[in-house]
Amino acid sequence: MRRVLAVCLVVSLVWGMGLGSESPAAAQTGPGRVDVFVEQNLATGAASIYFVDALTGLSRVVSVENGRDFTLVGDYVLYQTQQTGLVLRATADGRTEPHPFIQRAAGIQSVRWVVSPDR
């Protein structure tokens with residue numbers, strides 16, 4: 001009887017550890033899956049980008065002044081400021097930063113982009 005209980009205990013411990021390592025939360029690297037929503041006040045030009053964690057329902061709001069051309073690219077939102085034409089990206093952790101290689105040079109009137117899957 002003790003041997004059966006010992007085997008059951010070992011099996012349950014090993015099985016429990018296996019389930020913990022294969023759970024979706026443990027298997028993810030980096031941020032979890034997020035849904036993104038943009039709300040823009042056309043009168044003022046102010047916009048809010050909502051990053052909502054699909055697992056927990058928690059959200060982070062990134063406020064944008066005079067943004068346009070909002071595009072979801074991978075794990076960030078790409079947009080352009082209306083006044084300066086600067087191309088920025090907003091991330092799910094609340095940061096906004098200039099895009100590393102899409103930059104508006106002097107004499108360029110507008111910048112446009114197209115998103116396509118990697119090949």
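The values are calculated or read from the model by the stated rules, or taken from the named source; none is laboratory data. As the structure is a computational prediction, the values presented were derived from the model and not from experiment. Note: ideal-geometry Cβ built from the backbone for every residue, glycine included; neighbour counts use all protein chains shown.
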Residue, surrounded by the most Cβ atoms within 10 Å (Cβ to Cβ), within the range 85-119, restricted to residues that are charged (D, E, K, R) and assigned to a strand (DSSP E or B): Arg89
Scan of the range 50-80 for residues that are among the β-branched types (Val, Ile, Thr), loosely packed, with under 15 Cβ neighbours inside 10 Å and more than 13 Å from Gln40 (Cα to Cα), ordered by number: Thr56, Thr71, Val73
Residue list for the range 34-49, filter: surrounded by 14 or more Cβ atoms within 10 Å (Cβ to Cβ) and within 14 Å of Ser63 (Cβ to Cβ): Val38, Gln40, Gly45, Ala46, Ala47, Ser48, Ile49
Pair list, Cβ < 6 Å and 6+ apart or interchain, from the range 83-108 residues that are in contact (Cβ under 8 Å) with a residue 60 or more places away in the chain to residues that are outside any strand (DSSP E or B) and surrounded by 10 or more Cβ atoms within 10 Å (Cβ to Cβ): Ala92/Pro31
Qualifying residues in the range 85-119 (those that are at pLDDT 85 or above and acidic (Asp, Glu)) - the one farthest from Ser59 (Cα to Cα): Glu97
